[in-house]
Structure formats: C-alpha cells, structure tokens
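K.L.:
A single structure is presented below for examination.
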Amino acid sequence: MIKRRNVLFASTAVAAGLAGVGAAWWLRDRHEAPLADPFWALVMETPHGEMLKISSLAGQPLLVNFWATWCPPCLEELPLLNRFHQNQKARGWRVLGLAVDQPSAVRAWLQKSPLDFPVAMAGLEGTELSKRMGNLSGGLPFSVAFGASGEVLQRKSGQLLPEDLANWAALS
C-alpha cells in the first residue's frame, strides 16, 4: 500500500511538473510573439498635435523607444538614441520615441532638449502597447528594434547602452 501511494504521489508530481513546463512554454510564446501588424497600423499624435502614421516608418530598420520625462534612465538614454539616429540614418535606421507621458511635459522637455527623431504620444496606453510588444513588466525605458520587413529583431527592458545599439545596428 505504501509503495502504491509513493508511485501515485510521484506520478502526480511528474504530471504537475510537465503541466507547468507546458504552461510556461505557452506563456513564453504568447508574450514573445511580435504584434508588429497592429503596431504598424497605428496613427499617433505628436507632442505638437500633428498625426504620425507609424506605417510611414515601415520598410526600414526602426528602433522604437518607450520613455517618459519622469523616468531618469529614459532621459539619460535619449541623447544616446539621438546620436544613434544621426549616425545610422544613412544606413536606413530610423528612431521613434513613444512618450508614455503628458503632452505638456513632453513639449516642455523637448524645448530644452530637442531630438532629431520623431516623438509620438503613447500616453497611458503606451504601457499596454509596450506589454504587447514584449515588455512584460511594463517598466521604462523599453526599446524594440524592428527589421526592414517589420520583424522584431531585439527587445530590451531598461536603459540602452552604447554596445546594445552597436549590436543592433549590425543586425540590419
């Protein structure tokens, strides 16, 4: 009787473990699958009230960066992203900043520190958009590099480093 109970417990544990592994793989695939098509169909407002069609940036490698004026690491990496934009645009790379912030705060910040790449207002919905693009924690900053055909090449949660951008530039 004791052996039968041990076998029952062991087989239940193995089944539970396999179910957990299967669920983890299912969630992993679900969260890492790029949702690029809906992204490319978005039309977003710029801090100055103009409309930006994300599809106008398609067909070239694109680095999308989610940021906010209240996020110190975001503000630290914006000059790095601006240099990346300046240095890589001849190779086809584009950069898009998606501000998860209030338009007035973004306008004030851009007055003091202008950027050479486009910025669009993602607002509070930006957190959900970034989660759909692979940012499971919803934290900032978060960046996604797309290839010319719209596929996700790389993602990074947290502040970008020069070596990240150098590696990403080599992907295109």
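The values are calculated or read from the model by the stated rules, or taken from the named source; none is laboratory data. These numbers were taken from a predicted model, which means no experiment stands behind them. Ideal geometry is used to build each Cβ from the backbone, glycine not excepted, and the neighbour counts take in all protein chains shown.
K.L.:
When the range 137-170 is examined, which residues are found to be part of a strand (DSSP E or B) and in contact (Cβ under 8 Å) with a residue 40 or more places away in the chain?
P.N.:
F142, S143, V144, A145, F146, V152, L153
K.L.:
Moving on. What are the pairs, 6+ residues apart or on separate chains, where a residue within the range 90-110 that is closer than 24 Å to F146 by Cβ and assigned to a helix (DSSP H, G or I) has its Cβ under 7 Å from a residue that is of a type in the set (S, T, N, Q) and at pLDDT 95 or above?
P.N.:
From the range 90-110, the pairs are V106/T69.
K.L.:
Given the conditions (1) touching a Lys or Arg at 6+ places or on another chain (Cβ under 8 Å); (2) at pLDDT below 95; (3) surrounded by 13 or more Cβ atoms within 10 Å (Cβ to Cβ), which single one is not true for L57?
P.N.:
If we test L57 against (1) touching a Lys or Arg at 6+ places or on another chain (Cβ under 8 Å); (2) at pLDDT below 95; (3) surrounded by 13 or more Cβ atoms within 10 Å (Cβ to Cβ), just (2) comes out false.
K.L.:
Of the conditions (1) at negative phi; (2) in a loop (DSSP other than H, G, I, E, B); (3) in contact (Cβ under 8 Å) with a residue 60 or more places away in the chain, G134 satisfies every one except a single condition; which number is it?
P.N.:
Evaluating G134 over (1) at negative phi; (2) in a loop (DSSP other than H, G, I, E, B); (3) in contact (Cβ under 8 Å) with a residue 60 or more places away in the chain leaves (1) as the failure.
K.L.:
Can you name every residue in the range 64-84 that is in contact with an Asp or Glu (Cβ under 6 Å, 6 or more places away or on another chain) and farther than 15 Å from M121 by Cα?
P.N.:
N82
K.L.:
Being more than 11 Å from the chain's Cα centre (by Cα) and within 17 Å of L57 (Cβ to Cβ) narrows it down to one of A105, A90, so name that one.
P.N.:
Testing whether each residue is more than 11 Å from the chain's Cα centre (by Cα) and within 17 Å of L57 (Cβ to Cβ) leaves just A90.
K.L.:
Among all residue pairs at least 6 apart or on different chains, which show Cβ distances below 8 Å where the first residue, located in the range 58-72, is under 14 Å from S172 (Cα atoms) and in the same structural domain as E151 (by TED's automatic domain parsing) and the second is in a strand (DSSP E or B) and small (G, A, S)?
P.N.:
P61/A145; L62/A145; L63/S143; L63/A145
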